[in-house]
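What follows is a set of notes on a single structure, which appears directly below.
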Amino acid sequence: MSGYVVVGTQWGDEGKGKIVDVLSEKADMIVRFQGGNNAGHTVVVNGEKHVLHLLPSGCLHPHAKCIIGPGVVVDPFVLLEELAVLESKGMSTKHIYISDRAHLIMPYHILLDQLQEEKAGANKIGTTKRGIGPCYADKYTRWGIRAHDLIHFDAFQKRLAYALQLKNEQIVNIYHGTPFDLEELIARFAAIRDQLVPRIIESVHAVNQALDEDQLVLFEGAQAAMLDINYGTYPFVTSSSPTSAGVCEGAGVAPQRLKHIIGVVKAYSTRVGEGPFVSELHDEIGTYIREQGNEYGATTGRPRRCGWLDLNVVKHACILNGLTDLVITKIDVLSGLKELQVCVGYKVNGAVLDYIPSAVSDVEAAQPIYRTFAGWDEDISQCKRYEDLPKQCQEYLSFIEEYTNTRISLISVGPDRNNNIITHALV
Ligand code: GDP
Ligand code: IMO
Ligand code: MG
(Lines give C-alpha, C1' and ligand atoms only; values in the text may rest on other atoms or scores of the structure.)
(Ligands and ions follow the chains in the order given, each with its own letter.)
Protein backbone atom coordinates (compact mmCIF):
# COMPACT_ATOMS: atom_id res chain seq x y z
CA MET A 1 0.00 0.00 0.00
CA SER A 2 1.91 3.02 -1.17
CA GLY A 3 -0.36 5.92 -1.98
CA TYR A 4 1.37 9.29 -2.21
CA VAL A 5 -0.67 12.46 -2.36
CA VAL A 6 0.54 15.88 -3.52
CA VAL A 7 -1.72 18.82 -2.65
CA GLY A 8 -1.58 22.61 -2.62
CA THR A 9 -1.63 24.28 0.78
CA GLN A 10 -2.49 27.87 -0.19
CA TRP A 11 -4.50 29.28 -3.14
CA GLY A 12 -2.98 27.18 -5.90
CA ASP A 13 0.10 27.69 -8.09
CA GLU A 14 2.46 26.50 -5.37
CA GLY A 15 4.49 24.50 -7.88
CA LYS A 16 2.59 21.22 -7.51
CA GLY A 17 3.23 20.38 -11.17
CA LYS A 18 6.98 20.58 -10.73
CA ILE A 19 6.92 18.44 -7.59
CA VAL A 20 4.64 15.80 -9.12
CA ASP A 21 7.00 15.61 -12.09
CA VAL A 22 9.99 15.12 -9.78
CA LEU A 23 8.26 12.38 -7.75
CA SER A 24 6.84 10.70 -10.87
CA GLU A 25 10.25 9.45 -11.89
CA LYS A 26 9.73 6.60 -9.43
CA ALA A 27 5.92 6.32 -9.72
CA ASP A 28 4.06 3.47 -11.40
CA MET A 29 0.80 5.36 -11.68
CA ILE A 30 -0.28 9.00 -11.43
CA VAL A 31 -3.92 9.88 -10.78
CA ARG A 32 -5.63 13.27 -10.92
CA PHE A 33 -8.63 13.23 -8.60
CA GLN A 34 -10.43 16.59 -8.86
CA GLY A 35 -10.64 19.87 -10.74
CA GLY A 36 -10.18 20.17 -14.45
CA ASN A 37 -8.45 22.52 -16.85
CA ASN A 38 -8.82 25.39 -14.41
CA ALA A 39 -5.44 24.05 -13.27
CA GLY A 40 -2.21 25.25 -14.85
CA HIS A 41 0.77 23.11 -13.88
CA THR A 42 4.20 24.05 -15.17
CA VAL A 43 7.00 21.54 -15.54
CA VAL A 44 10.44 22.60 -16.76
CA VAL A 45 12.75 19.91 -18.10
CA ASN A 46 16.24 20.98 -19.20
CA GLY A 47 15.00 24.50 -19.83
CA GLU A 48 11.96 23.38 -21.86
CA LYS A 49 8.64 24.50 -20.35
CA HIS A 50 5.51 22.34 -20.46
CA VAL A 51 2.21 23.73 -19.17
CA LEU A 52 -0.38 21.08 -18.37
CA HIS A 53 -4.00 21.80 -17.54
CA LEU A 54 -5.92 18.55 -17.62
CA LEU A 55 -3.18 16.01 -18.13
CA PRO A 56 -1.47 14.80 -14.96
CA SER A 57 1.90 16.50 -14.47
CA GLY A 58 3.54 13.09 -14.27
CA CYS A 59 2.68 12.44 -17.92
CA LEU A 60 6.15 13.43 -19.11
CA HIS A 61 7.32 10.07 -17.69
CA PRO A 62 5.87 7.58 -20.17
CA HIS A 63 6.72 4.56 -17.99
CA ALA A 64 3.94 5.48 -15.53
CA LYS A 65 0.25 4.99 -16.21
CA CYS A 66 -1.59 8.33 -15.99
CA ILE A 67 -5.26 8.41 -15.09
CA ILE A 68 -7.63 11.36 -15.17
CA GLY A 69 -9.76 10.14 -12.29
CA PRO A 70 -13.50 9.93 -11.61
CA GLY A 71 -13.60 13.19 -9.63
CA VAL A 72 -12.10 15.27 -12.45
CA VAL A 73 -14.26 17.28 -14.85
CA VAL A 74 -12.99 16.74 -18.38
CA ASP A 75 -13.26 19.10 -21.32
CA PRO A 76 -12.74 16.55 -24.11
CA PHE A 77 -11.72 19.18 -26.66
CA VAL A 78 -9.03 20.56 -24.33
CA LEU A 79 -7.87 17.02 -23.59
CA LEU A 80 -7.33 16.30 -27.28
CA GLU A 81 -5.49 19.61 -27.75
CA GLU A 82 -3.16 18.85 -24.85
CA LEU A 83 -2.47 15.35 -26.13
CA ALA A 84 -1.74 16.81 -29.58
CA VAL A 85 0.76 19.28 -28.07
CA LEU A 86 2.67 16.44 -26.38
CA GLU A 87 2.60 14.36 -29.54
CA SER A 88 3.85 17.32 -31.60
CA LYS A 89 6.88 17.38 -29.26
CA GLY A 90 7.50 13.73 -30.09
CA MET A 91 6.26 12.49 -26.73
CA SER A 92 4.21 9.37 -26.16
CA THR A 93 0.63 9.70 -24.87
CA LYS A 94 -0.26 6.01 -24.93
CA HIS A 95 -0.07 5.85 -21.14
CA ILE A 96 -2.82 8.45 -20.55
CA TYR A 97 -6.34 7.29 -19.63
CA ILE A 98 -9.65 8.81 -18.53
CA SER A 99 -11.97 7.35 -15.93
CA ASP A 100 -15.33 6.35 -17.37
CA ARG A 101 -16.95 8.03 -14.35
CA ALA A 102 -15.42 11.45 -15.00
CA HIS A 103 -17.97 14.11 -15.91
CA LEU A 104 -17.62 15.96 -19.20
CA ILE A 105 -17.42 19.73 -19.39
CA MET A 106 -19.84 20.55 -22.19
CA PRO A 107 -19.67 23.73 -24.32
CA TYR A 108 -22.75 25.03 -22.49
CA HIS A 109 -20.91 24.78 -19.15
CA ILE A 110 -18.20 27.10 -20.46
CA LEU A 111 -20.78 29.58 -21.77
CA LEU A 112 -22.71 29.48 -18.49
CA ASP A 113 -19.51 30.07 -16.48
CA GLN A 114 -18.89 33.21 -18.57
CA LEU A 115 -22.51 34.41 -18.42
CA GLN A 116 -22.77 33.83 -14.66
CA GLU A 117 -19.56 35.78 -14.01
CA GLU A 118 -20.73 38.65 -16.22
CA LYS A 119 -24.11 38.80 -14.53
CA ALA A 120 -22.53 38.66 -11.06
CA GLY A 121 -20.79 42.00 -11.71
CA ALA A 122 -19.11 43.11 -8.49
CA ASN A 123 -19.99 39.75 -6.90
CA LYS A 124 -18.01 37.75 -9.44
CA ILE A 125 -15.70 34.99 -8.22
CA GLY A 126 -13.03 35.54 -10.83
CA THR A 127 -13.28 31.99 -12.16
CA THR A 128 -11.07 30.68 -14.91
CA LYS A 129 -14.21 30.53 -17.11
CA ARG A 130 -13.46 26.93 -18.08
CA GLY A 131 -16.94 25.67 -17.15
CA ILE A 132 -15.78 24.01 -13.91
CA GLY A 133 -18.54 25.26 -11.55
CA PRO A 134 -21.44 24.63 -13.96
CA CYS A 135 -20.13 21.12 -14.73
CA TYR A 136 -19.86 20.15 -11.05
CA ALA A 137 -23.29 21.73 -10.44
CA ASP A 138 -24.77 19.46 -13.12
CA LYS A 139 -23.00 16.46 -11.58
CA TYR A 140 -24.74 17.09 -8.27
CA THR A 141 -28.13 17.97 -9.77
CA ARG A 142 -27.66 14.75 -11.76
CA TRP A 143 -27.90 16.27 -15.21
CA GLY A 144 -24.28 15.48 -15.95
CA ILE A 145 -22.84 13.51 -18.84
CA ARG A 146 -19.97 11.14 -18.06
CA ALA A 147 -17.09 9.83 -20.13
CA HIS A 148 -18.70 6.37 -20.40
CA ASP A 149 -21.65 7.97 -22.18
CA LEU A 150 -19.27 8.52 -25.09
CA ILE A 151 -18.87 4.74 -25.36
CA HIS A 152 -22.62 4.20 -25.38
CA PHE A 153 -23.36 6.98 -27.84
CA ASP A 154 -27.12 6.37 -27.97
CA ALA A 155 -27.26 7.05 -24.23
CA PHE A 156 -25.07 10.11 -24.73
CA GLN A 157 -27.50 11.56 -27.27
CA LYS A 158 -30.49 10.90 -25.03
CA ARG A 159 -28.85 12.46 -21.99
CA LEU A 160 -27.65 15.42 -24.00
CA ALA A 161 -31.13 16.04 -25.43
CA TYR A 162 -32.55 16.16 -21.90
CA ALA A 163 -29.75 18.26 -20.37
CA LEU A 164 -29.58 20.67 -23.27
CA GLN A 165 -33.25 21.50 -23.03
CA LEU A 166 -32.72 22.56 -19.40
CA LYS A 167 -29.47 24.39 -20.13
CA ASN A 168 -30.86 26.27 -23.12
CA GLU A 169 -33.75 27.47 -20.96
CA GLN A 170 -31.22 28.91 -18.50
CA ILE A 171 -29.06 30.42 -21.23
CA VAL A 172 -31.99 32.10 -22.99
CA ASN A 173 -34.35 33.00 -20.14
CA ILE A 174 -31.89 34.04 -17.45
CA TYR A 175 -28.89 35.29 -19.39
CA HIS A 176 -30.44 36.18 -22.77
CA GLY A 177 -27.68 34.19 -24.46
CA THR A 178 -27.70 32.14 -27.66
CA PRO A 179 -28.97 28.55 -27.24
CA PHE A 180 -27.01 25.52 -28.48
CA ASP A 181 -28.29 23.37 -31.31
CA LEU A 182 -28.62 19.69 -30.31
CA GLU A 183 -27.68 18.20 -33.69
CA GLU A 184 -24.64 20.45 -33.99
CA LEU A 185 -23.42 19.44 -30.53
CA ILE A 186 -23.96 15.75 -31.25
CA ALA A 187 -21.96 16.14 -34.47
CA ARG A 188 -19.08 17.82 -32.60
CA PHE A 189 -18.87 14.92 -30.15
CA ALA A 190 -19.37 12.29 -32.86
CA ALA A 191 -16.31 13.75 -34.59
CA ILE A 192 -13.98 13.26 -31.61
CA ARG A 193 -15.47 10.14 -30.02
CA ASP A 194 -13.19 7.66 -31.76
CA GLN A 195 -10.09 9.43 -30.44
CA LEU A 196 -11.35 9.35 -26.86
CA VAL A 197 -13.05 5.97 -26.46
CA PRO A 198 -9.82 3.88 -26.44
CA ARG A 199 -8.57 5.93 -23.48
CA ILE A 200 -11.73 5.56 -21.37
CA ILE A 201 -11.33 2.92 -18.66
CA GLU A 202 -12.89 1.75 -15.40
CA SER A 203 -10.23 3.24 -13.15
CA VAL A 204 -11.25 2.35 -9.59
CA HIS A 205 -10.32 -1.29 -10.03
CA ALA A 206 -7.06 -0.38 -11.80
CA VAL A 207 -5.95 2.05 -9.07
CA ASN A 208 -6.81 -0.25 -6.16
CA GLN A 209 -5.16 -3.19 -7.86
CA ALA A 210 -1.99 -1.14 -8.33
CA LEU A 211 -2.08 -0.31 -4.59
CA ASP A 212 -2.67 -4.00 -3.76
CA GLU A 213 0.42 -4.86 -5.79
CA ASP A 214 2.40 -2.30 -3.79
CA GLN A 215 2.98 -0.13 -6.80
CA LEU A 216 3.81 3.52 -6.20
CA VAL A 217 0.63 5.44 -6.94
CA LEU A 218 0.82 9.22 -6.88
CA PHE A 219 -2.39 11.20 -6.46
CA GLU A 220 -1.96 14.64 -7.97
CA GLY A 221 -3.98 17.52 -6.57
CA ALA A 222 -4.98 20.64 -8.42
CA GLN A 223 -5.92 23.96 -6.76
CA ALA A 224 -5.41 24.03 -2.97
CA ALA A 225 -6.93 23.98 0.51
CA MET A 226 -7.98 27.64 0.50
CA LEU A 227 -9.93 27.04 -2.72
CA ASP A 228 -11.71 24.00 -1.23
CA ILE A 229 -15.47 24.11 -1.72
CA ASN A 230 -16.08 23.45 1.99
CA TYR A 231 -13.04 24.84 3.78
CA GLY A 232 -11.80 27.68 1.58
CA THR A 233 -12.94 31.30 1.62
CA TYR A 234 -16.41 30.42 0.33
CA PRO A 235 -17.81 31.60 -2.08
CA PHE A 236 -14.38 32.56 -3.50
CA VAL A 237 -13.41 28.94 -4.05
CA THR A 238 -13.46 26.31 -6.75
CA SER A 239 -16.17 23.64 -6.96
CA SER A 240 -14.25 20.58 -5.77
CA SER A 241 -12.27 19.20 -2.80
CA PRO A 242 -8.55 19.65 -3.46
CA THR A 243 -7.52 18.02 -0.16
CA SER A 244 -6.51 14.46 0.66
CA ALA A 245 -10.17 13.77 1.46
CA GLY A 246 -10.84 14.57 -2.20
CA VAL A 247 -8.54 11.67 -3.16
CA CYS A 248 -10.87 9.14 -1.54
CA GLU A 249 -13.90 10.67 -3.24
CA GLY A 250 -12.33 11.51 -6.54
CA ALA A 251 -10.13 8.48 -7.14
CA GLY A 252 -12.17 5.80 -5.36
CA VAL A 253 -9.62 4.77 -2.73
CA ALA A 254 -9.99 4.33 1.01
CA PRO A 255 -8.27 6.77 3.44
CA GLN A 256 -5.87 4.22 4.94
CA ARG A 257 -4.35 3.70 1.47
CA LEU A 258 -2.78 7.15 1.60
CA LYS A 259 0.70 6.78 3.08
CA HIS A 260 2.48 10.08 2.44
CA ILE A 261 0.46 13.27 2.16
CA ILE A 262 2.72 15.96 0.81
CA GLY A 263 1.70 19.61 1.01
CA VAL A 264 3.34 22.02 -1.40
CA VAL A 265 3.99 25.43 0.18
CA LYS A 266 5.14 28.42 -1.82
CA ALA A 267 7.60 30.41 0.32
CA TYR A 268 5.25 33.39 0.04
CA SER A 269 1.56 33.66 -0.88
CA THR A 270 -0.22 34.29 -4.17
CA ARG A 271 -3.86 34.30 -5.19
CA VAL A 272 -5.60 34.63 -8.57
CA GLY A 273 -9.19 35.83 -8.79
CA GLU A 274 -11.33 37.50 -6.16
CA GLY A 275 -11.59 36.81 -2.43
CA PRO A 276 -9.85 37.81 0.81
CA PHE A 277 -6.08 37.57 1.16
CA VAL A 278 -4.98 38.68 4.61
CA SER A 279 -1.22 38.97 3.99
CA GLU A 280 -1.57 40.58 0.54
CA LEU A 281 1.02 43.23 -0.36
CA HIS A 282 -0.07 46.26 -2.35
CA ASP A 283 3.36 47.88 -2.35
CA GLU A 284 6.70 47.60 -4.15
CA ILE A 285 7.55 44.37 -2.28
CA GLY A 286 4.44 42.74 -3.78
CA THR A 287 5.56 43.90 -7.22
CA TYR A 288 9.13 42.67 -6.55
CA ILE A 289 7.80 39.20 -5.66
CA ARG A 290 5.48 39.13 -8.72
CA GLU A 291 8.33 39.99 -11.08
CA GLN A 292 11.01 37.81 -9.44
CA GLY A 293 8.60 34.89 -9.18
CA ASN A 294 7.03 35.48 -12.61
CA GLU A 295 3.65 35.36 -10.91
CA TYR A 296 1.34 35.40 -13.91
CA GLY A 297 -1.36 32.73 -14.25
CA ALA A 298 -0.44 29.61 -16.24
CA THR A 299 -4.08 29.20 -17.30
CA THR A 300 -5.42 32.72 -17.78
CA GLY A 301 -2.25 34.86 -17.84
CA ARG A 302 -3.73 37.06 -15.08
CA PRO A 303 -1.19 38.73 -12.76
CA ARG A 304 -1.26 36.87 -9.45
CA ARG A 305 -1.84 38.86 -6.27
CA CYS A 306 1.25 38.48 -4.04
CA GLY A 307 1.84 38.65 -0.30
CA TRP A 308 3.80 37.32 2.65
CA LEU A 309 3.73 33.67 3.66
CA ASP A 310 0.61 33.04 5.76
CA LEU A 311 1.26 30.15 8.14
CA ASN A 312 -2.27 30.38 9.49
CA VAL A 313 -3.30 29.25 6.00
CA VAL A 314 -0.63 26.54 5.79
CA LYS A 315 -1.64 25.18 9.20
CA HIS A 316 -5.26 25.01 8.03
CA ALA A 317 -4.00 22.89 5.12
CA CYS A 318 -1.94 20.67 7.49
CA ILE A 319 -5.04 19.92 9.54
CA LEU A 320 -7.43 19.39 6.62
CA ASN A 321 -5.04 17.13 4.73
CA GLY A 322 -3.19 15.35 7.53
CA LEU A 323 0.06 16.39 5.90
CA THR A 324 3.03 14.15 6.62
CA ASP A 325 5.55 16.25 4.71
CA LEU A 326 5.98 19.75 3.35
CA VAL A 327 7.71 20.75 0.15
CA ILE A 328 8.77 24.40 0.05
CA THR A 329 8.96 26.00 -3.38
CA LYS A 330 10.18 29.30 -4.83
CA ILE A 331 12.29 30.22 -1.81
CA ASP A 332 14.86 31.49 -4.34
CA VAL A 333 12.39 34.24 -5.26
CA LEU A 334 12.77 35.83 -1.81
CA SER A 335 16.51 36.52 -2.24
CA GLY A 336 17.24 40.23 -2.17
CA LEU A 337 14.62 41.24 0.41
CA LYS A 338 15.99 42.90 3.51
CA GLU A 339 13.33 41.60 5.86
CA LEU A 340 10.60 38.99 5.52
CA GLN A 341 7.29 38.88 7.32
CA VAL A 342 5.39 35.69 8.11
CA CYS A 343 1.75 35.80 9.15
CA VAL A 344 1.23 33.75 12.33
CA GLY A 345 -2.37 34.60 13.18
CA TYR A 346 -5.26 36.96 12.52
CA LYS A 347 -6.79 39.73 14.57
CA VAL A 348 -10.53 39.67 13.90
CA ASN A 349 -12.81 42.14 15.63
CA GLY A 350 -10.50 42.30 18.65
CA ALA A 351 -9.95 38.53 18.93
CA VAL A 352 -6.70 36.75 18.05
CA LEU A 353 -7.32 33.68 15.87
CA ASP A 354 -4.87 30.93 14.96
CA TYR A 355 -7.34 29.29 12.59
CA ILE A 356 -9.28 30.36 9.50
CA PRO A 357 -12.71 31.75 10.34
CA SER A 358 -15.64 30.35 8.34
CA ALA A 359 -17.33 33.59 7.31
CA VAL A 360 -15.68 35.35 4.43
CA SER A 361 -16.55 38.68 6.06
CA ASP A 362 -14.36 37.71 9.06
CA VAL A 363 -11.45 36.82 6.79
CA GLU A 364 -11.97 40.13 4.98
CA ALA A 365 -11.86 41.95 8.32
CA ALA A 366 -8.79 40.07 9.58
CA GLN A 367 -5.55 41.94 10.26
CA PRO A 368 -2.36 39.88 9.93
CA ILE A 369 -0.13 39.28 12.96
CA TYR A 370 3.41 39.18 11.63
CA ARG A 371 6.71 37.79 12.80
CA THR A 372 9.76 39.36 11.18
CA PHE A 373 12.74 37.45 9.77
CA ALA A 374 16.03 38.69 8.37
CA GLY A 375 16.37 38.35 4.60
CA TRP A 376 19.34 37.22 2.48
CA ASP A 377 20.96 38.42 -0.74
CA GLU A 378 22.60 35.29 -2.11
CA ASP A 379 21.35 33.59 -5.27
CA ILE A 380 20.37 30.19 -3.90
CA SER A 381 19.06 28.64 -7.12
CA GLN A 382 22.09 26.38 -7.55
CA CYS A 383 22.18 25.13 -3.94
CA LYS A 384 22.06 21.35 -3.64
CA ARG A 385 22.41 20.85 0.12
CA TYR A 386 20.59 22.39 3.06
CA GLU A 387 23.94 23.51 4.51
CA ASP A 388 24.55 25.61 1.37
CA LEU A 389 21.58 27.86 2.17
CA PRO A 390 22.25 31.17 3.96
CA LYS A 391 21.64 31.03 7.71
CA GLN A 392 18.71 33.46 7.48
CA CYS A 393 17.06 31.20 4.92
CA GLN A 394 17.56 28.18 7.19
CA GLU A 395 15.94 30.12 10.04
CA TYR A 396 12.93 30.95 7.85
CA LEU A 397 12.57 27.26 6.92
CA SER A 398 12.99 25.99 10.49
CA PHE A 399 10.24 28.33 11.63
CA ILE A 400 7.86 26.88 9.04
CA GLU A 401 8.57 23.37 10.38
CA GLU A 402 8.21 24.49 13.96
CA TYR A 403 4.97 26.40 13.44
CA THR A 404 3.29 23.66 11.38
CA ASN A 405 4.86 20.80 13.32
CA THR A 406 5.50 19.13 9.97
CA ARG A 407 8.86 18.24 8.45
CA ILE A 408 10.16 19.77 5.23
CA SER A 409 11.28 16.99 2.90
CA LEU A 410 12.18 18.93 -0.20
CA ILE A 411 13.13 22.54 -0.93
CA SER A 412 12.70 23.70 -4.49
CA VAL A 413 15.07 26.51 -5.46
CA GLY A 414 14.25 26.92 -9.14
CA PRO A 415 11.69 25.86 -11.76
CA ASP A 416 13.77 23.09 -13.34
CA ARG A 417 13.28 19.43 -12.46
CA ASN A 418 16.80 19.42 -10.98
CA ASN A 419 16.66 22.56 -8.82
CA ASN A 420 16.01 20.77 -5.53
CA ILE A 421 17.43 20.23 -2.07
CA ILE A 422 16.25 16.92 -0.68
CA THR A 423 16.16 16.83 3.10
CA HIS A 424 14.20 13.56 3.54
CA ALA A 425 13.82 11.09 0.66
CA LEU A 426 10.12 10.92 -0.23
CA VAL A 427 10.05 8.08 -2.74
P1 GDP B 1 1.01 24.64 -9.79
O2 GDP B 1 -0.29 25.10 -10.33
O3 GDP B 1 0.97 24.41 -8.32
O4 GDP B 1 1.57 23.46 -10.54
O5 GDP B 1 2.04 25.84 -10.02
P6 GDP B 1 2.20 26.71 -11.37
O7 GDP B 1 2.91 25.89 -12.38
O8 GDP B 1 0.91 27.33 -11.75
O9 GDP B 1 3.09 27.90 -10.83
C10 GDP B 1 4.35 27.68 -10.31
C11 GDP B 1 5.39 28.45 -11.16
O12 GDP B 1 6.61 28.52 -10.47
C13 GDP B 1 5.73 27.76 -12.46
O14 GDP B 1 6.03 28.72 -13.42
C15 GDP B 1 6.96 26.92 -12.11
O16 GDP B 1 7.78 26.68 -13.24
C17 GDP B 1 7.65 27.82 -11.15
N18 GDP B 1 8.41 27.16 -10.08
C19 GDP B 1 8.15 26.00 -9.43
N20 GDP B 1 9.05 25.79 -8.45
C21 GDP B 1 9.87 26.85 -8.47
C22 GDP B 1 10.98 27.25 -7.66
O23 GDP B 1 11.37 26.59 -6.69
N24 GDP B 1 11.58 28.44 -7.97
C25 GDP B 1 11.17 29.21 -8.99
N26 GDP B 1 11.81 30.35 -9.22
N27 GDP B 1 10.13 28.87 -9.78
C28 GDP B 1 9.49 27.71 -9.51
P1 IMO C 1 -3.66 25.17 -9.94
O2 IMO C 1 -3.95 23.70 -10.00
C3 IMO C 1 -4.90 29.17 -8.77
C4 IMO C 1 -9.23 29.92 -8.75
C5 IMO C 1 -9.75 30.90 -9.79
C6 IMO C 1 -10.92 31.48 -9.03
C7 IMO C 1 -11.48 30.27 -8.27
C8 IMO C 1 -12.65 29.59 -8.95
O9 IMO C 1 -2.89 25.68 -11.09
O10 IMO C 1 -3.05 25.53 -8.62
P11 IMO C 1 -12.87 28.01 -11.09
O12 IMO C 1 -12.52 28.26 -12.53
O13 IMO C 1 -12.16 26.84 -10.49
O14 IMO C 1 -14.33 27.97 -10.86
O15 IMO C 1 -12.33 29.33 -10.31
O16 IMO C 1 -10.40 29.37 -8.15
N17 IMO C 1 -8.44 28.80 -9.31
C18 IMO C 1 -7.11 28.71 -9.21
N19 IMO C 1 -6.19 29.58 -8.73
N20 IMO C 1 -4.53 27.97 -9.25
C21 IMO C 1 -5.42 27.09 -9.71
O22 IMO C 1 -5.10 25.83 -10.07
C23 IMO C 1 -6.78 27.45 -9.75
N24 IMO C 1 -7.92 26.85 -10.16
C25 IMO C 1 -8.91 27.67 -9.86
O26 IMO C 1 -8.79 31.87 -10.12
O27 IMO C 1 -10.47 32.41 -8.09
MG1 MG D 1 -1.10 26.66 -11.44
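Values for this structure:
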item	result
Relative contact order (%) - criterion: Cα under 8 Å, at least six apart; region: the range 196-257	27 percent
Reach of K167 by Cα under 20 Å, taken over lysines that are not fewer than 8 positions away in the same chain	K119, K129, K139, K158
Most to least packed among 10-18, 280-288, 408-416 [average Cβ atoms within 10 Å]	10-18, 408-416, 280-288
Residue among A64, T141, P390 farthest towards the positive dipole end of the chain, charges placed on Cβ	T141
Largest-first principal axis extents of the Cα set of the range 174-228 (Å)	52, 37, 14
Cα-Cα pairs of the range 322-379 separated by more than 17 Å (percent)	57 percent
Helical mean residue ellipticity (222 nm; -39500 (n - 2.57) per DSSP H run of 4+; nearest 500) of the chain	-9500 deg cm²/dmol
Hull shadow area, averaged, the chain [alpha-carbon convex hull, nm²]	20.0 nm²
Listed peptides 162-171, 218-227, 381-390 by packing density, highest first (mean Cβ within 10 Å)	218-227, 162-171, 381-390
Unit charges on C-beta of K, R, D, E only; dipole of the chain, Debye	460 debye
Degrees separating the helix 311-321 axis from the principal Cα axis of the chain, which is the longest one	50 degrees
Nearest-ten-degree value, helix 203-212 long axis tilted from longest Cα axis of the chain	40 degrees
Between 0 and 90°, nearest 10: helix 391-404 axis offset from the chain longest Cα axis	60 degrees
Cut-off 12 Å between beta-carbons: net charge of the residues surrounding Y396, Lys and Arg +1, Asp and Glu -1	-2
Sequence of D181, D100 from largest to smallest accessible area, 1.4 Å probe	D181, D100
Of all accessible heavy-atom area on the range 211-300, the percent that carbon and sulfur account for (1.4 Å)	45 percent
Residue-count net charge about F33 - beta-carbon cut-off 12 Å; Lys, Arg +1, Asp, Glu -1	0
Neighbour-limited loop hits for trypsin sites (Lys or Arg not before Pro), the range 29-127 (at most 12 other Cβ within 10 Å; DSSP other than H, G, I, E, B)	K89, K94
Volume per residue of the C-alpha convex hull in the range 192-298, rounded to whole Å³	169 Å³
Radius 12 Å from Cβ of E295, net charge of other residues (Lys, Arg +1; Asp, Glu -1)	+4
Efficiency of FRET from Cβ geometry, Y355 and A122, R₀ 30 Å, rounded to 0.05	0.55
Peptides ranked, highest mean first, by Cβ atoms within 10 Å: ranges 241-247, 148-154	241-247, 148-154
Mean projected area (nm²) of the alpha-carbon convex hull when the range 1-143 is viewed from all directions	10.0 nm²
18 Å Cα-Cα reach of K391 towards lysines, excluding residues that sit fewer than 8 places from it in its own chain	K330, K338
Å² per residue, accessible surface of the chain at 1.4 Å	40 Å²
Length-normalised contact order for the chain - Cα pairs under 8 Å, 6+ apart - percent	20 percent
Alpha carbon convex hull of the range 1-81, projected area averaged over orientations, nm²	5.8 nm²
Accessible surface, 1.4 Å probe, highest first, among residues D379, D138, D214, D332	D379, D214, D332, D138
Ranking by accessible area, most exposed first, for S239, S2 with a 1.4 Å probe	S239, S2
Cα centroid separation, the range 192-257 to the range 354-417 (Å)	28 Å
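The values are calculated or read from the model by the stated rules, or taken from the named source; none is laboratory data. These figures come from a predicted structure and were not determined experimentally. Please note: Cβ atoms are built from the backbone with ideal geometry, for glycine as well, and neighbour counts cover all protein chains shown. Remember, those area values only see protein heavy atoms, side chains included, never the ligands or the DNA or RNA. Shrake-Rupley method; radii C 1.70, N 1.55, O 1.52, S 1.80 Å.
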